[in-house]
């Protein structure tokens, strides 16, 4: 079926592509303009109508959690292979995500009291627990470093990112903070 604009409407066959386009656009637009950006701007950036966006993500939080699920997939990929370097790869991915998805972090922080069952922190700790022993054995981190210490350092990075006046300042401050931390 051809639309009045000359584009072919692929209907349900386009659903997966539309979802991915929305997620990419949300990351980009919210990183630039914050999480309060109108969802219509995200739909426009993705090249879809608002109805398509809302079919995939009925609420702003649904969109944020879809991005978080992609983030967890990236974190899981970072720890393969689970060798002595995996904690370093995991840490670098965590920091990159903190810098790139701050708007989503802000949104979930605001919504936390309404989402007591969200297991993101537990999932992150489980990933750290998978790779920390190999990092200790390889001498990459202090033998006394605990998973909760790594999670605390990450929350500190998030605090730096969330309170920085702009992305460049955040990146520079995170680089300085990471240089002070005993992580690979």
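Considering the conditions (1) modelled with pLDDT under 90; (2) in a loop (DSSP other than H, G, I, E, B), residue 121 is excluded by exactly one of them, (2).
Just name the residue that is surrounded by the most Cβ atoms within 10 Å (Cβ to Cβ) out of those in region 127-177 that are at pLDDT below 90 and outside any helix (DSSP H, G or I). Of everything passing the filter in region 127-177, 164 is surrounded by the most Cβ atoms within 10 Å (Cβ to Cβ).
Within region 124-145, the only residue that satisfies the criterion of being more than 16 Å from residue 86 (Cβ to Cβ) and touching a residue at least 24 places away in the same chain (Cβ under 8 Å) is 142. Of the candidates 76, 32, the single residue that is under 28 Å from residue 89 (Cα atoms), in a helix (DSSP H, G or I) and modelled with pLDDT under 85 is 32.
The values are calculated or read from the model by the stated rules, or taken from the named source; none is laboratory data. Keep in mind it's a predicted model, so treat the numbers as computed, not measured. Because the Cβ atoms are built from the backbone with ideal geometry, glycine has one as well, and the counts that use them run over all protein chains shown.
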